[in-house]
Amino acid sequence: MTNVEKLSEILSQSKNAVFFGGAGMSTESGIPDFRSADGIYNQTFGKNLRPEEIVTHSFFMHCPEDFYKFYRTRILYLDAKPNAGHIALAELEKRGILSAVITQNIDGLHQAAGSKNVYELHGSVKRSFCMKCGENYDLDFIVKNTPIPYCKKCGGIVRPDVVLYEENLEPELVTKVVGVIAKADTLIVGGTSLAVYPAAGFIDYFNGEYLVIINKTETHADREAELIIRENIGETLSEAVRLLDC
């Protein structure tokens, strides 16, 4: 039995599976991850600044114009479409096998593929808000209002609804996510090196039967996994769903 066949068998026995994903989930959609050899964090962006410095709260507050220059050119991928993995997860939810998607990504591709119950740990580029009055704006407003988007109502700076470095995750969201993972019978961890905390520590709350890791490189959770797959996550999930009907 191949690893994909094993995954399909696990899914066929699951009634409350949860998917926990990271940047590797979207690489097959043309969005580079943050830590691989070709990732954003291995590239520089002028002024001798590394990307991880630019996406901090401090940098945003002190240099919003430079932040937005980077954000628009290196974080936003407006033409990205859901890949086979996103579509497979939406199908699993539709079939009543998958109860939730927990993602560290901010691209909104899970929802675009049809997933309904999605927990976005780090927010979404699809949403923005005024830091002064709280007025909500969409992605198009950020794209078109250069160099710095200002609120039409009060003139405050509009920022993306994403979690920057130096900022905390929303406590209420953390509580919900921990509860979802704790109740899962199967947890599929995909496209993440589990290097970003506190998010990476959430999987420690899993008490179910099957922990599945789908990632190109090793993770600290490998030793606990029932199944480890080092193949492309999109192809793997898509094939596993297809085998459910065989």
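The values are calculated or read from the model by the stated rules, or taken from the named source; none is laboratory data. Here the structure is a predicted model, which means the values were calculated and not measured. Here the Cβ positions follow ideal geometry from the backbone for every residue, glycine too, while neighbour counts run over all protein chains shown. Just the protein is used for accessible areas: all its heavy atoms, side chains included, with ligands, DNA and RNA removed. Shrake-Rupley method; radii C 1.70, N 1.55, O 1.52, S 1.80 Å.
Computed values, structure above
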item	result
Selection within region 1-12 - in contact (Cβ under 8 Å) with a residue 24 or more places away in the chain, out of contact with any strand residue (DSSP E or B) (no Cβ under 8 Å at 6 or more places or on another chain) and open to solvent by 30 Å² or more (accessible area, probe 1.4 Å)	Glu5, Ser12
Scan of region 127-140 for residues that are open to solvent by 30 Å² or more (accessible area, probe 1.4 Å), in contact (Cβ under 8 Å) with a residue 24 or more places away in the chain and closer than 16 Å to Ile75 by Cβ, ordered by number	Arg127
Scan of region 188-223 for residues that are modelled with pLDDT under 90 and in a helix (DSSP H, G or I), ordered by number	Ala199, Ala200
The lone exception for Lys183 - which of (1) surrounded by 16 or more Cβ atoms within 10 Å (Cβ to Cβ); (2) touching a residue at least 60 places away in the same chain (Cβ under 8 Å) it fails	(1)
Candidate set: region 149-172, residues that are over 22 Å from the mean Cα position of the chain (by Cα) and open to solvent by 30 Å² or more (accessible area, probe 1.4 Å); chosen: the one nearest to Ser58 (Cα to Cα)	Ile157
Candidates Thr175, Thr217 - the one that is under 20 Å from Asn3 (Cβ atoms), loosely packed, with under 15 Cβ neighbours inside 10 Å and hydroxyl-bearing (Ser, Thr, Tyr)	Thr217
Residue tally, condition assigned to a strand (DSSP E or B), among the aliphatic types (A, V, I, L, M) and open to solvent by 10 Å² or more (accessible area, probe 1.4 Å), over region 99-124	1
Pairs with Cβ under 6 Å, 6+ apart, first in region 144-157 and in contact (Cβ under 8 Å) with a residue 24 or more places away in the chain, second acidic (Asp, Glu) and outside any loop (DSSP other than H, G, I, E, B)	Pro147/Glu65; Ile148/Glu65
